[in-house]
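Peer 1: Handing you this structure, nothing more for now.
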Amino acid sequence: MTITFETNERGEQVRVTITDEGEVIRELVIFPPPTSMSLGTKMTKYAFRTRFTSTEKAAIEYASFQNTLEAAHLRASLADQRDAEHIDLARSETIDGLHDLESVGLIGEGRADTILNTPLTEKEVYRG
């Protein structure tokens, strides 16, 4: 089976599936209306930090001061955030980093997805 995409004469996205038997199936791809990302995915660094609880921020800071390789990785990640112009919630580094924090217990279960998927507010949007 092969799946490709094409644009029809009305400018709509169409998924084209060719089965192993050679049958061609065309299906209109319907995109949901914009929701949580209607203001984009780029936010200010301060806004990103405010998505963490004070307990989470303290746990992350405390863990970063330990004398381990994991702490060094955490310090490097925090330095990258500090040096960035903004935080992009769609970047793989952001997504992976948040899930890593969750997996080691520095933020609670489900918090990574909450931080990533909460719609941006006007105040949070990076405008640089």
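The values are calculated or read from the model by the stated rules, or taken from the named source; none is laboratory data. Quick caveat: nothing in here was measured; it's all calculated off a predicted structure. Reconstructed Cβ throughout: ideal geometry from the backbone, glycine too, with neighbour counts over all protein chains shown.
Peer 1: Of the residues in segment 108-128, how many are part of a loop (DSSP other than H, G, I, E, B), modelled with pLDDT of 90 or more and under 20 Å from THR44 (Cα atoms)?
Peer 2: Counting residues in segment 108-128 that are part of a loop (DSSP other than H, G, I, E, B), modelled with pLDDT of 90 or more and under 20 Å from THR44 (Cα atoms) gives 9.
Peer 1: Let me ask you something else. What residue, of ASP80, ASP100, is in contact (Cβ under 8 Å) with a residue 12 or more places away in the chain and more than 30 Å from VAL14 (Cα to Cα)?
Peer 2: ASP80
Peer 1: Quick check on my filter: what residues within segment 21-39 are at pLDDT below 90 and out of contact with any helix residue (DSSP H, G or I) (no Cβ under 8 Å at 6 or more places or on another chain)?
Peer 2: GLU27, LEU28, VAL29, ILE30, PHE31, PRO32, PRO33, PRO34, THR35, MET37, SER38, LEU39
Peer 1: For segment 100-118, indicate whether the set of residues that are crowded, with 17+ Cβ neighbours inside 10 Å and of a type in the set (Lys, Arg) is non-empty.
Peer 2: Yes, some residue in segment 100-118 is crowded, with 17+ Cβ neighbours inside 10 Å and of a type in the set (Lys, Arg).
Peer 1: Another question, then. Does THR55 satisfy the criteria of being free of Cβ contacts under 8 Å to residues at least 40 places away in the same chain and closer than 20 Å to GLY110 by Cβ?
Peer 2: For THR55, the condition - free of Cβ contacts under 8 Å to residues at least 40 places away in the same chain and closer than 20 Å to GLY110 by Cβ - is met.
Peer 1: Quick one: in segment 79-88, of everything that is modelled with pLDDT of 95 or more and surrounded by 14 or more Cβ atoms within 10 Å (Cβ to Cβ), which residue is farthest from VAL125 (Cα to Cα)?
Peer 2: ALA84
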